[in-house]
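What follows is a short report on a single structure.
The values are calculated or read from the model by the stated rules, or taken from the named source; none is laboratory data. In this text, all values refer to a predicted model and were calculated from it rather than measured experimentally. Neighbour counts run over all protein chains shown; Cβ positions are idealised from the backbone, glycine included. Just the protein is used for accessible areas: all its heavy atoms, side chains included, with ligands, DNA and RNA removed. Shrake-Rupley method; radii C 1.70, N 1.55, O 1.52, S 1.80 Å.
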Amino acid sequence: MLTRSHKFAALFLIVALGLVLRLRGLDRVGFNEDEVHKVEAARAYRGGNFLVNLEHPMLMKSLITASLAAADSWNRGLGHSHQVPEEVAVRLPNIIFGSLMAVVIFLMAQEFFGAEVGLLSALFWSIGTIAIMVNREAKEDTLLVFFTWLAYYSDRSAKGVVAADPLRAGKLYLEGVASFGLMLASKYFPHYLGLNFLFYCLCGDNQV
């Protein structure tokens, strides 16, 4: 039986490994077409113009804007001799959320199969080549997956404690609602919300 400290240490190492694999050589490849649009939108955002690239939601572009501003501040100050390339700054938000996705996968898998399977699942995500490839691009899919599964976990956790601790369940439900909202703010896939409603209508409250 793994102790709490052992699980935390193992999960920390898994997330760190995923972070290193996603950061390695991040600035060696130039921007693709989608990323160019994100960069243009982020630059417009910094000037107060929020009307650029309206075909995509604002969440990712807002994160990129904040990342670029932080990188510029670093490059002008403490990081004068260790500059952060623009490619790294633009892709960094997805790198962070992609690495932290291992935590969400661990929590969800632990609920069904135990801590050992949860850690193994998190490891597979952290070292998976397809996951790494997608997370290294400034595209909305990383945020979409992260907030979708975080919402699933919050909802399941709320159902597990609603009888014993209604107050905590209420907070977890609110976290789930917020996560679903961020999911919709990540990518324009409104049918995702409808599919979730349909799932619960067909399968009932006993399902995840």
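At-a-glance table
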{"item": "Tabulated pairs, the stretch 130-142, first closer than 21 Å to Asn53 by Cα, second in a loop (DSSP other than H, G, I, E, B), C-beta under 6 angstrom, 6+ apart or interchain", "result": "Glu140/Lys187"}
{"item": "Residues (of a type in the set (Asp, Glu) and crowded, with 16+ Cβ neighbours inside 10 Å) located in the stretch 1-53", "result": "Glu35"}
{"item": "Count of residues meeting criterion [modelled with pLDDT of 90 or more, buried (at least 18 other Cβ atoms within 10 Å of the Cβ) and either within 16 Å of the chain's Cα centre (by Cα) or of a type in the set (Asp, Glu) (or both)] in the stretch 54-69", "result": "6"}
{"item": "Of all residues making up the stretch 7-53, the number that are under 15 Å from Leu123 (Cα atoms) and not aliphatic (A, V, I, L, M)", "result": "5"}
{"item": "Residues that are of a type in the set (A, V, I, L, M) and either touching a Lys or Arg at 6+ places or on another chain (Cβ under 9 Å) or open to solvent by less than 60 Å² (accessible area, probe 1.4 Å) (or both), drawn from the stretch 71-91", "result": "Ala71, Val84, Val88, Ala89, Val90"}
{"item": "Listing of helices (runs of 4 or more DSSP H) fully contained in the stretch 109-189 that carry 2 or more residues being crowded, with 19+ Cβ neighbours inside 10 Å and over 17 Å from the mean Cα position of the chain (by Cα)", "result": "115-127, 141-161"}
{"item": "Given (1) at pLDDT 95 or above; (2) under 30 Å from Ala109 (Cα atoms), index of the condition Arg24 fails", "result": "(1)"}
